[in-house]
Every structure is written in structure tokens, then in C-alpha cells.
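Rule-based calculations on the coordinates, nothing more; no lab input. The model shown is predicted, which means the values in this text are computed figures rather than measured ones. Quick reminder, even Gly has a Cβ in these numbers, built from the backbone with ideal geometry, and neighbours come from all protein chains shown.
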């Protein structure tokens, strides 16, 4: 696995832990089809009893600090959104149990920094408890530290 793939996968792990800490249920991770990939598919907690759960498609963008594209936000172009829509439609076709639920697309903007410069060997740090993950705080995961800069619910329609 290349460093970028490792960082991306760990950032998705980090966001999945954050979602679970906020009472979401993660349904799928890295779901692939011919149109592309959905990073995380989750079910949000219902607002009122009796409400259908909302299916949330979460796009995770991980960037080092001082990046050129607003922490990944500028990478979610209209073309990228169209691909995510197509991919989500295919997911719902293949999972009819979720087809009648309301859906939305969220974006998680994550910063990371390497821990390897601070130590001589790769770390064996385990994932932190989900309750320890807070927005704006760097948390160690693998050989990196991650920080959820911004979580944008219903980022695009």
C-alpha cells in the first residue's frame, strides 16, 4: 500500500470512528462499483421516533496542513459530485432495503501529520476510543495524527 492510500484508508477509519461516536451506524466502507467508490455509507440516528433513518454517503478528504485546495473541499467538483450520485444510485439499487430512506451526501475534511518524524520506528498505536475523537483535535491513528477540520452535512444536493 502506498503512503497516500494508507493515509486515505486511515482517514476513513478516523471518520468512521467519529461517526460512531456521534451515534451513526456505519453500513459500508469503500463500496466500489463501475462509477467509483463511496468512502463511507452510514445511517444517521433518527431525529424523531418512527422516522426512517437517513442514509448518509460520506466523502472523506485528507490533506496535510497548508494545502492548496481548502483541505480537500475544492476537489469535490461538479464532476465528482455527479460520479458520487451515480455510485450512490447503484448502491441503493443493489440494497433495496435502503431505497426508500432519505439520503444525503456529507463531506469530512481531515488534516493529518506524520508521527514517523517524531520516532525512530513505525508505531503500533491502536485506534483511540470513539468517544475521544473531537473536532479540531489531533488524534493518533497508525503512524499519523488526524484531525477532523470540518464535517459538512448535506454538502451538496
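Comparing 99, 62, 88 in a Gaussian network model of the chain where C-alpha atoms under 10 Å apart are linked, the largest mean-square fluctuation is found at 99.
Would you calculate, for the chain, the mean residue ellipticity at 222 nm contributed by helices, counting each DSSP H stretch of 4 or more residues as -39,500 (n - 2.57) and dividing by all residues, to the nearest 500? Let's see the in-between values first.
Details: 2 runs with 36 residues, N = 157.
Rounded to the nearest 500, it is -8000 deg cm²/dmol.
Calculated on the alpha-carbon coordinates, the convex hull of the stretch 3-156 measures out at 118 cubic angstrom per residue. For the chain, modelled as a GNM whose springs connect Cα atoms under 10 angstrom apart, the maximal fluctuation among 12, 59, 20 occurs at 20.
For the chain, the longest principal axis of the C-alpha atoms and the axis of helix 3-21 are separated by about 60°. Remark: 63, 104 ranked as 104, 63, counting other beta-carbon atoms within 10 Å and listing the fewest first. Working out 0.36 nm times the residue gap between residue 95 and residue 154, then minus their Cα-Cα distance, what length gain in nm do you get to one decimal? 19.1 nm is the gain from fully extending residue 95 to residue 154.
For the chain, the longest principal axis of the C-alpha atoms and the axis of helix 78-94 are separated by about 60°.
For Cα pairs less than 8 Å apart in space and 6+ apart in sequence, what is the mean separation divided by the residue count of the chain, i.e. the relative contact order in percent? Over the chain, the number comes to 23 percent.
Got a sec? How would 101, 147 order by Cβ neighbour count within 10 Å, fewest to most?
In increasing order of surrounding Cβ atoms, one gets 101, 147.
Of all DSSP bridge pairs formed entirely within the stretch 3-156, close to 70 percent run antiparallel.
Highest mean packing first, where packing is the average number of other Cβ atoms within 10 Å per residue, the peptides 66-72, 44-50 line up as 66-72, 44-50. Within the listed set 89, 81, 43, the residue fluctuating most in the Gaussian network model of the chain (springs between alpha-carbon atoms under 10 angstrom) is 89. The label point for residue 6 and the one for residue 25, both projected 7 Å from the Cα toward the Cβ, are 3.5 nm apart.
In terms of other Cβ atoms within 10 Å, 107, 139, 58 run from fewest to most in the order 139, 107, 58.
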